[in-house]
1. Which members of the stretch 115-139 meet the condition of being away from ligand 2 (no atom under 16 Å from the Cβ) and touching a strand residue (DSSP E or B) at 6+ places or on another chain (Cβ under 8 Å)?
2. What are the pairs, 6+ residues apart or on separate chains, where a residue within the stretch 200-220 that is within 24 Å of residue 287 (Cβ to Cβ) has its Cβ under 8 Å from a residue that is near ligand 1 (Cβ under 9 Å from one of its atoms)?
3. Here is a list: 81, 71. Which entry is more than 16 Å from ligand 2 (Cβ to nearest atom), surrounded by fewer than 21 Cβ atoms within 10 Å (Cβ to Cβ) and under 19 Å from the mean Cα position of the chain (by Cα)?
4. Quick check on my filter: what residues within the stretch 207-225 are buried (at least 16 other Cβ atoms within 10 Å of the Cβ) and more than 16 Å from ligand 2 (Cβ to nearest atom)?
5. Using beta carbons and a limit of 6 Å, which pairs, at least six apart or on different chains, have the first residue in the stretch 143-169 and touching a residue at least 24 places away in the same chain (Cβ under 8 Å) and more than 21 Å from residue 109 (Cβ to Cβ) and the second one away from ligand 1 (no atom under 16 Å from the Cβ) and assigned to a loop (DSSP other than H, G, I, E, B)?
6. Considering only the stretch 41-53, I want to know if a residue exists there that is in a helix (DSSP H, G or I) and free of Cβ contacts under 8 Å to residues at least 24 places away in the same chain.
7. Among the residues in the stretch 98-113, are any touching a residue at least 60 places away in the same chain (Cβ under 8 Å), within 16 Å of ligand 2 (Cβ to nearest atom) and within 22 Å of residue 181 (Cβ to Cβ)?
8. Of the conditions (1) within 16 Å of ligand 2 (Cβ to nearest atom); (2) modelled with pLDDT of 90 or more; (3) surrounded by fewer than 16 Cβ atoms within 10 Å (Cβ to Cβ), residue 204 clears all except one; give me its number.
Ligand code: UDP
Ligand code: MG
């Protein structure tokens, strides 16, 4: 049995050495399995690539795919899935926030045959800014309401999967990728393994609040058309209100003949409805832009350098 570990890295020069040590320890304790460590360098600007090359030189299990520029974690994970050859495949962060020590346990659960994948879920958000946790919780609530996929609160991308599941992910070649949604959409029986949040070993997070916010909007747009429906419902509602108001004004003018009063409220209504219209237009723009990107069919990642023979390019 072979296990592929996919590790997306973006400017991880500080975390790679401790991670590699840990991986060596963990894999040594699992002798019955063959390992492949597939590091995807997502266009790092620091010494990540030279470090990977060093590791690859001394350990044949280490493989690297280096992108021509930064394509984002989603692209890096996809490149990993496309190139992993193991019977089991795991994705994990380079900063050890996804503890490799959980791997034996995950394998044990998978090998019972009852599940197709073991995913991990943080039960605490220790060490994370409060406001960020709050937004994250709101996002998961909203996402589960409006989309047709289940996204678990606190779910990490860290998971171990069977080959069948990986093939399913590879077959989803969409350009706008949102893995948490994709994992949920393809189905399969998933075991959720809870664990306490671990802070990154070294270096800094690559996700600013703004980047996360945009990512969450992407997630909703990619896996739900509820906002589009919301626009129609809003339109119907406003038409209805307008009809009632017209009737009221008409009758009032007939009885009292007072047609001039009320311009402040008029201005408010025009501004409000104008705002709602622009908002809906912008929302549709989000979907149009996704369609636009999808139709261009640009590659999801571009390989600049690799030590892998027959690397898959998608
Ligand atoms: N990452 C990546 N490309 C990016 C940003 C991040 O490959 O553009 C990788 C990063 O190297 C790490 C993982 O994605 O292995 C998670 O990133 P990070 O730890 O910064 O996110 P956080 O854990 O803070 O959400
Ligand atoms: Mg991290």
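1. Once the filter is applied, which keeps residues that are away from ligand 2 (no atom under 16 Å from the Cβ) and touching a strand residue (DSSP E or B) at 6+ places or on another chain (Cβ under 8 Å), the stretch 115-139 yields 115, 116, 117, 118, 119, 123.
2. 215/207
3. Details: 81 fails: surrounded by fewer than 21 Cβ atoms within 10 Å (Cβ to Cβ).
One residue alone meets the criteria, 71.
4. Applying the first criterion (buried (at least 16 other Cβ atoms within 10 Å of the Cβ)) to the stretch 207-225 yields 215-216, 218-224.
216, 218, 219, 220, 221, 222, 223, 224, listed by residue number.
5. From residues that are touching a residue at least 24 places away in the same chain (Cβ under 8 Å) and more than 21 Å from residue 109 (Cβ to Cβ), the pairs are 146/224; 147/224.
6. Just the residues of the stretch 41-53 that are in a helix (DSSP H, G or I), to begin with: 48-53.
From the residues that got through so far, the ones that are free of Cβ contacts under 8 Å to residues at least 24 places away in the same chain too are 50.
Yes - at least one qualifying residue is present in the stretch 41-53.
7. Among the residues of the stretch 98-113, at least one is touching a residue at least 60 places away in the same chain (Cβ under 8 Å), within 16 Å of ligand 2 (Cβ to nearest atom) and within 22 Å of residue 181 (Cβ to Cβ), which makes the answer yes.
8. Here residue 204 meets the rest and fails (2).
The values are calculated or read from the model by the stated rules, or taken from the named source; none is laboratory data. Everything numeric here is computed off the predicted structure, so don't read it as measured data. Because the Cβ atoms are built from the backbone with ideal geometry, glycine has one as well, and the counts that use them run over all protein chains shown.
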